[in-house]
1. Check 89, 103, 76 and return the single one that is under 24 Å from the mean Cα position of the chain (by Cα), at pLDDT 95 or above and more than 14 Å from the ligand (Cβ to nearest atom).
2. Anything in region 171-187 that is in a loop (DSSP other than H, G, I, E, B) and either within 12 Å of the ligand (Cβ to nearest atom) or aromatic (Phe, Trp, Tyr) (or both)? List them, or say none.
3. Do the conditions hold for residue 358, that is, is it in contact with a strand residue (DSSP E or B) (Cβ under 9 Å, 6 or more places away or on another chain), surrounded by fewer than 16 Cβ atoms within 10 Å (Cβ to Cβ) and either assigned by TED's automatic domain parsing to the domain that holds residue 189 or at pLDDT 95 or above (or both)?
4. Scan 200, 163 and give me the residue that is in contact (Cβ under 8 Å) with a residue 60 or more places away in the chain, within 19 Å of residue 375 (Cα to Cα) and either surrounded by fewer than 21 Cβ atoms within 10 Å (Cβ to Cβ) or within 12 Å of the ligand (Cβ to nearest atom) (or both).
5. Determine whether region 39-55 contains at least one residue that is touching an Asp or Glu at 6+ places or on another chain (Cβ under 7 Å), more than 10 Å from the ligand (Cβ to nearest atom) and not in a loop (DSSP other than H, G, I, E, B).
6. Residue 168 - would you say it is closer than 26 Å to residue 73 by Cβ and basic (Lys, Arg)?
7. Go through (1) farther than 26 Å from residue 172 by Cβ; (2) near the ligand (Cβ under 8 Å from one of its atoms) for residue 27 and report which single condition fails.
8. Mind checking which pairs have a first residue in region 73-93 that is at positive phi and a second that is part of a loop (DSSP other than H, G, I, E, B) and surrounded by fewer than 19 Cβ atoms within 10 Å (Cβ to Cβ), Cβ under 9 Å, 6 or more apart or different chains?
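The values are calculated or read from the model by the stated rules, or taken from the named source; none is laboratory data. What you see is a predicted model, and the numbers here were worked out from it, not measured in a lab. All Cβ positions, even for glycine, are placed from backbone atoms using ideal geometry, and neighbour counts span all protein chains on display.
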Amino acid sequence: MKKTLNIALIGTGFIGKQHLEAIRRIPYTNIVAIADCNEEGLKRTAEAFGIEKTYTDYREMLEKEDIDVVHNCTPSAMHYEINKEVIKSGHHIYSEKPLTLTSEESGELVALAKEYGVATGANFNYRNNAMVREMRERIKNGEAGKPLVVHGAYLQDWLMFDTDYDWRMDPKLGGNSRALSDIGSHCFDTIQFVLGEKITEVNANAIIIYPERKKTEGGGTFSASAGKVTDTYKVLNEDVAFVMAKFESGLQGFFNISQVCGGKKNGLEINVSGSKESLEWHQEQSDRLHIGKRETGNEELFMGEAYLTGEVKRFATLPNGHPVGWADAFRNGILSFYESIWDESYKNNGFKWYADFESAHHIMKIIEACLESSKVKGWVKVG
Ligand SMILES: NC(=O)c1ccc[n+]([C@@H]2O[C@H](COP(=O)([O-])OP(=O)(O)OC[C@H]3O[C@@H](n4cnc5c(N)ncnc54)[C@H](O)[C@@H]3O)[C@@H](O)[C@H]2O)c1
């Protein structure tokens, strides 16, 4: 029998609730308490999930509760401070992305976690989709041939009107980067995971479509804002970014990142064009892998244990024909993190299915290199 992990979660907003759902699907876990500075929202979540202990001050929770793992689901500006306190209190930490607002902060967290010997995970959840993991296996075992070129996109439309507003617009809460750090980071993590190599150099153009945006009554995250205009503000972080990238092996790629593309909801797509065939995955049809061929017909592989490679089989949690999707990948990532605590493999330097703080720190460096490249209008090395 495994040791039951005592879990605490900070930040019960949109993504915090998804963490709670996913944790509940993992055996040998016990959600001991949740914390949020918004008392009303906290109460609603506690009631919905049947969680007895709640705290409006997460520090009190860290002090009083018997905890193994903390999930940090607060807005990005709070990640650095809260992750630091969690590590210093000796708990394992699973943090939302982006890991911090700067690579200086994320580097500090990597060093601190090493010092305290705790396991670290960053929720780059798309790499945990079984078909993304299958893509990685097929590249690693040579089935797709040598990668010739890669491309990808992460396109959304929830900020396409100048009246759309969210905390991510405020650099103090979301950081100097928005589209790149909010969704580009997922794209970079997924492609690096699939290829098994890092982005080392970028040439990027970060674009602000609306230099000035409007605040409206009732406008908020993912909500169409139809209310009266109450204020205007200067936009300081990018809506869109076009990124050319070079990888360790010399491989090159292009990524299109945008939060203003009408009709695109959560359009993450990645394509690796290999010398034998190309592999392509679309997040919105996440139970399929498109296999592009030159001399015979293209194939569409539907997720099913029987068709997947090696260890990836166990991440297809339902039989073929029962689409496995976003929530399943989310659970896979958290499960992989907990497994590394149970078998203590988080202490090893080798390959991990989930993203640890070191991987998330490299993503911070990519984002900063993209912003720098956009300023100097040329190639910039990462890190
Ligand atoms: N992995 C993903 O796919 C994904 C998707 C969405 C958001 N995120 C990340 O998750 C984080 C949260 O985003 P969200 O969309 O859930 O935001 P949100 O605004 O819906 O939720 C944030 C919650 O944190 C709480 N909070 C703020 N400051 C706090 C503090 N000091 N102590 C305790 N609670 C505090 C807020 O009251 C709110 O309930 C962000 O970093 C974002 O980048 C990741």
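1. 103
2. 175, 177, 178
3. no
4. Among 200, 163, only 200 is in contact (Cβ under 8 Å) with a residue 60 or more places away in the chain, within 19 Å of residue 375 (Cα to Cα) and either surrounded by fewer than 21 Cβ atoms within 10 Å (Cβ to Cβ) or within 12 Å of the ligand (Cβ to nearest atom) (or both).
5. no
6. It is true that residue 168 is closer than 26 Å to residue 73 by Cβ and basic (Lys, Arg).
7. (2)
8. Correct list of pairs: 90/117.
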